[in-house]
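What follows is a short report on a single structure.
The values are calculated or read from the model by the stated rules, or taken from the named source; none is laboratory data. Computed from a predicted structure; not experimentally measured. Neighbour counts run over all protein chains shown; Cβ positions are idealised from the backbone, glycine included.
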Amino acid sequence: MPDVADAEGMSKDMVLRKLQKEEHGKTRRLWEQIFTEDTPKFLDYYYSVKTKENEIYVIEEDGAIRSMLHLNPYKMQIGCKTVESHYIVAVATEETYRKRGYMAKLLKKAMEDMRENGEAFTFLMPAAEGIYYPHGFRFIYRQEQREVSGKKMEDPKITVASATLEVCGELADFANRMLKLRHQVYTLRDFNYYRRLLEEFRSEDGGMLLVRENEKLVGFFGYGKDEKYEILEPLFQNGYEEALLHAIYTLTGDEHTTVHCAGIEESENTRKKPMIMAKILDIPKMFACMEAKEEMSLSVRVTDEPGKESLGTFYIRGKEGLEVQQSDLERESVMRAASFDAEETISIGDLTSILFGYGDLKEMNLTEHLEEELGKIKPMSKVLLNEVV
């Protein structure tokens with residue numbers, strides 16, 4: 001599902017708008033034209049399930065949709081806070097209408113709306129880092145990947161079975177318990193999350209396998225199949241690594257066939273692939289999810305990208321549950337009266353890197369005071385974002 005970047009330019013009859021729900025199907029023609037690797041079966045799933053709840057922004061020109069951007073909603077856990085967020089997917093422009101700045105316009109409008117709705121951040125899976133880096137997006141998640149072979153396990157207590165809709169609630173409860181123990185940032189799971197995910201895997205000639213010990217759930221994973229099997233996000237209790245290999249053996253039927261496993265727990269054989277980029281949208285809401293290692297006090301102006309427009313000046317203080325006061329450009333006089341003048345500046349991209357613990361403070365050309373105060377923040381670096389659409 002590649003994304004396409006554009007340069008500036010526009011036509012007089014160009015119209016940018018958010019589609020009504022009943023219009024979402026109109027974008028399928030462009031999807032089929034751009035993302036040729038996706039099968040009709042997958043698109044039947046996407047346009048019958050995902051587009052019922054998502055938002056789609058388009059640019060119309062010459063009587064048809066020429067560019068699009070989809071926002072798929074997810075409920076996120078960030079530390080101890082639960083927030084709403086959107087996953088940006090299917091950014092595409094018809095080939096003859098590229099180099100007109102359409103992608104930038106769609107991103108700007110969608111992010112303005114998400115910020116207005118109070119969303120802490122948005123995220124996406126880029127075709128290339130260079131497309132979104134200029135717009136303030138930074139990597140926040142590296143996916144653990146490795147090739148795995150199955151292994152037969154002679155243990156009558158262990159059983160492997162295909163997931164059905166009836167167990168989706170059980171899968172959600174199990175997953176949320178595991179994720180809370182291991183990660184700080186992840187999508188919250190519920191019955192509908194796994195119902196949709198099961199339909200998605202089935203649209204890719206796959207499904208989900210769950211493993212039980214004496215009828216108690218100890219792990220599961222989803223899988224699809226193209227030329228070979230691919231497993232996504234196996235979640236298993238500690239100590240059940242052999243049960244995972246047995247489930248893979250059950251899937252492939254032998255101990256020689258390898259499967260690509262994405263989102264697996266880190267081991268000496270895994271490789272880390274930068275996978276998800278994000279951009280902070282609502283700065284006070286994001287800081288409300290953070291804590292500091294020690295008392296901090298900072299006044300800083302944050303600039304947006306790519307134009308370096310001011311997003312406001314923020315006074316950040318506290319330790320557990322950071323407090324943020326904000327002054328936008330229209331209230332600068334109020335800020336000055338309160339002695340919150342900000343002599344220091346940071347880009348939204350650098351701030352995103354710092355808060356998610358992905359960037360190096362010493363490589364950001366910050367002032368000594370800014371580096372010291374931001375270095376007090378406990379980053380949300382334990383991220384797990386394996387969603388595909």
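General remarks:
- From the options Pro274, Pro234, residue that is of a type outside the set (Gly, Ala, Ser) and within 29 Å of Arg115 (Cα to Cα): Pro274
- Condition met for Glu129 (acidic (Asp, Glu) and within 21 Å of Lys75 (Cα to Cα)): no
- Hits in segment 26-63 (condition: more than 30 Å from Glu227 (Cβ to Cβ), modelled with pLDDT of 95 or more and either touching a Leu at 6+ places or on another chain (Cβ under 9 Å) or among the small types (Gly, Ala, Ser) (or both)): Lys26, Glu55, Ile56, Tyr57, Val58, Ile59, Glu60
- Some residue of segment 192-202 being over 30 Å from Cys289 (Cβ atoms) and either more than 20 Å from the chain's Cα centre (by Cα) or among the acidic types (Asp, Glu) (or both): yes
- Matching residues in segment 180-207 - criterion: being over 23 Å from Glu53 (Cα atoms) and either charged (D, E, K, R) or buried (at least 20 other Cβ atoms within 10 Å of the Cβ) (or both): Lys180, Arg182, Gln184, Asp205, Gly206
- Within segment 42-64, residues that are free of Cβ contacts under 8 Å to residues at least 60 places away in the same chain have Cβ atoms under 7 Å from residues that are surrounded by 15 or more Cβ atoms within 10 Å (Cβ to Cβ) and of a type in the set (Gly, Ala, Ser) in these pairs: Tyr57/Ala110; Val58/Ser67; Ile59/Ser67, counting only partners at least 6 apart in sequence or on another chain.
Residue by residue, here is whether (1) modelled with pLDDT under 95; (2) hydrophobic (A, V, I, L, M, F, W, C); (3) touching a strand residue (DSSP E or B) at 6+ places or on another chain (Cβ under 8 Å); (4) loosely packed, with under 14 Cβ neighbours inside 10 Å holds:
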position: Lys273; (1), (2), (3), (4): no, no, yes, yes
position: Ile283; (1), (2), (3), (4): no, yes, yes, no
position: Leu298; (1), (2), (3), (4): yes, yes, yes, no
position: Lys308; (1), (2), (3), (4): yes, no, yes, yes
position: Glu320; (1), (2), (3), (4): yes, no, yes, yes
position: Leu329; (1), (2), (3), (4): yes, yes, yes, yes
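- Any chance Ala110 is touching a strand residue (DSSP E or B) at 6+ places or on another chain (Cβ under 6 Å), touching a residue at least 40 places away in the same chain (Cβ under 8 Å) and assigned to a helix (DSSP H, G or I): yes
- Extreme residue, nearest to Met114 (Cα to Cα), among residues of segment 285-296 that are of a type outside the set (Lys, Arg) and surrounded by 14 or more Cβ atoms within 10 Å (Cβ to Cβ): Met286
- Here the condition is being over 25 Å from Thr187 (Cβ atoms), touching a residue at least 12 places away in the same chain (Cβ under 8 Å) and not in a loop (DSSP other than H, G, I, E, B); of Phe287, Phe314, it holds for Phe314 alone.
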